[in-house]
Amino acid sequence: MVCFLQTSGYKGPCDYTKTEEREGRSCVRYKCGLINTILDVLRQRPGWVEVKDDGEWDFHWCDVGWLRENFDHSYMEEHVRINHFRNHYELSRKNLMVKNLKRYRKNLEREVGRVEASKCDFFPCTFALPSEYHLFVEEFKRSPGSTWIMKPDGTRTEEQKDAAQVESYVAQRYIENPYLINGRKFDLRVYVLVTSYVPLKAWLYRDGFARFSSTRFSLSTIDDKYMHLTNVAVQKTAPDYDPEKGCKWQIQQLRRYLTAKHGRETVEILFKEIDNIFVRSLQSVQKVIINDKHCFELYGYDILLDQDLKPWLIEVNASPSHTASSQEDYEMKCRLLEDTLNVVDMEGRLTGKEKRVGGYDLMWNDGPVYREDVNVETFGSCFTANTHLGCVNDREKQLRRLLKPFPGQKKM
């Protein structure tokens with residue numbers, strides 16, 4: 001049995017008292033099961049000490065394999081935090097994500113009406129195979145000439161996607177009219193941090209990126225993976241891939257491009273619809289996720305835009321890759337992970353009433369969160385009130401105002 005912290009009598013470099021639990025810790029013992037950007041961020045955090053093997057720890061950034069094998073046999077003290085909910089796969093496994101979204105949409109239609117249920121029409125028609133094979137065949141026959149994509153359905157990290165063999169799949173209608181930039185297809189990677197499911201508390205990060213294919217799009221060449229798949233793991237094997245340039249735009253660059261081409265109002269509507277995807281998808285699993293105050297989850301959402309600027313949810317990753325594809329990508333992921341630790345707040349520097357922490361904006365807190373300057377009565381019910389995806393991320397300035405220094409650290 002894995003024990004995170006001895007209940008009494010522990011003596012060592014980080015001996016905790018009730019006062020420290022209440023006021024924050026000068027030392028946080030952490031364990032990390034990954035060797036990439038997150039390990040760099042943890043090692044550079046003031047007052048955090050890495051423990052090895054069976055050492056006692058307060059914070060664990062684990063992989064899903066460790067979680068599956070150890071979570072149910074572990075005892076956690078009040079202050080301990082871990083980076084996954086027990087059944088995170090309810091949203092990150094493609095078949096379960098679609099099952100939960102379909103059920104949520106059906107319940108909305110029955111309880112509220114079709115108009116409200118239509119706000120969940122943001123995922124392509126999808127069938128789990130082999131269990132829904134006959135339903136898939138019927139739909140396939142009803143739409144002759146349409147294109148479908150088969151995807152493996154397993155709970156794996158993004159680095160494992162090409163290696164793991166799985167037995168189940170999903171068949172998903174392919175978005176045949178993607179929005180193109182310079183003739184190339186792209187999708188968005190956006191980060192959402194959930195610190196509680198009951199009540200639901202979710203934060204949206206301002207930064208993210210668009211991942212481009214390296215080949216101009218055409219449906220006449222459906223077997224060209226460099227044309228149709230935007231995953232960096234795929235694109236980096238392309239013959240003309242440039243590791244310095246990569247195949248990404250920062251999401252701020254994409255938002256500026258779309259605003260210049262379509263106008264600010266159109267782009268505001270688009271980003272509100274993207275925010276709607278985050279909230280609705282989280283609500284769809286809120287009743288099935290096993291909530292635990294020790295857990296948080298950093299999700300990587302993959303969103304595709306079609307030529308009508310309609311956003312589609314392609315999948316959600318509970319273990320989004322933190323491996324950098326360029327120096328710019330590394331710096332962005334460092335900021336993301338540093339701010340994730342700031343929100344989780346092992347040091348006890350926050351009040352719990354913050355609407356913004358670094359690059360994170362509180363999007364949902366048992367209800368929509370509004371900006372300070374918004375009149376709720378006139379603004380109406382809208383999921384996007386306190387979100388700033390693709391906007392300026394002046395996180396360092398904001399953090400200087402927000403956070404008191406780490407113990408032993410002078411105010412910046």
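The values are calculated or read from the model by the stated rules, or taken from the named source; none is laboratory data. All values reported here derive from a predicted model rather than from experimental measurement. Every residue, glycine as well, gets a Cβ built from its backbone with ideal geometry; the counts of neighbours run over all protein chains shown. Quick note on the areas: whole protein, heavy atoms, side chains included, nothing else; ligands and nucleic acids left out. Shrake-Rupley method; radii C 1.70, N 1.55, O 1.52, S 1.80 Å.
One table, with the values for the structure above:
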| item | result |
| --- | --- |
| Search result, residues across the stretch 257-309 that are of a type in the set (K, R) and over 18 Å from G183 (Cα atoms) | R264, K272, R280, K287, K293 |
| Filter pass, R156 being modelled with pLDDT under 90 and closer than 26 Å to F278 by Cβ | yes |
| Tally, over the stretch 277-303, of residues that are part of a helix (DSSP H, G or I) and in contact with a helix residue (DSSP H, G or I) (Cβ under 6 Å, 6 or more places away or on another chain) | 3 |
| Number of the exception - N36 against (1) out of contact with any His (no Cβ under 7 Å at 6 or more places or on another chain); (2) in contact (Cβ under 8 Å) with a residue 40 or more places away in the chain | (1) |
| Pairs, first within 22 Å of G300 (Cβ to Cβ) in the stretch 92-107, second of a type in the set (D, E) and open to solvent by 40 Å² or more (accessible area, probe 1.4 Å), C-beta under 9 Å, six or more apart | N95/E132 |
| Search result, residues across the stretch 20-40 that are open to solvent by less than 60 Å² (accessible area, probe 1.4 Å) and either part of a helix (DSSP H, G or I) or modelled with pLDDT under 85 (or both) | E20, G24, R25, T37, I38, L39, D40 |
| Pairs where the first residue, in the stretch 108-120, is outside the structural domain of F278 (by the TED database) and the second is of a type in the set (F, W, Y) and at pLDDT 95 or above, C-beta under 7 Å, 6+ apart | C120/Y104 |
| Residue list for the stretch 188-211, restricted to those being of a type in the set (D, E, K, R) and under 14 Å from the mean Cα position of the chain (by Cα) | R189, K201, R206, D207 |
| Of all residues in the stretch 265-279 being among the charged types (D, E, K, R) and open to solvent by 10 Å² or more (accessible area, probe 1.4 Å), the one that is nearest to F123 (Cα to Cα) | E273 |
| Qualifying residue in the stretch 243-264 (condition: modelled with pLDDT of 80 or more, closer than 22 Å to M97 by Cβ, of a type in the set (D, E, K, R) and open to solvent by 60 Å² or more (accessible area, probe 1.4 Å)) | no |
| Condition check for P199: touching a residue at least 40 places away in the same chain (Cβ under 8 Å) and over 29 Å from V344 (Cβ atoms) | no |
| Sole residue being farther than 28 Å from L402 by Cα, at pLDDT 95 or above, in contact with a Ser or Thr (Cβ under 7 Å, 6 or more places away or on another chain) and not β-branched (V, I, T), chosen from L298, L304, L313 | L313 |
| Selected residue (criterion: farthest from H84 (Cα to Cα)) from residues of the stretch 310-328 that are touching a strand residue (DSSP E or B) at 6+ places or on another chain (Cβ under 8 Å) and among the β-branched types (V, I, T) | I314 |
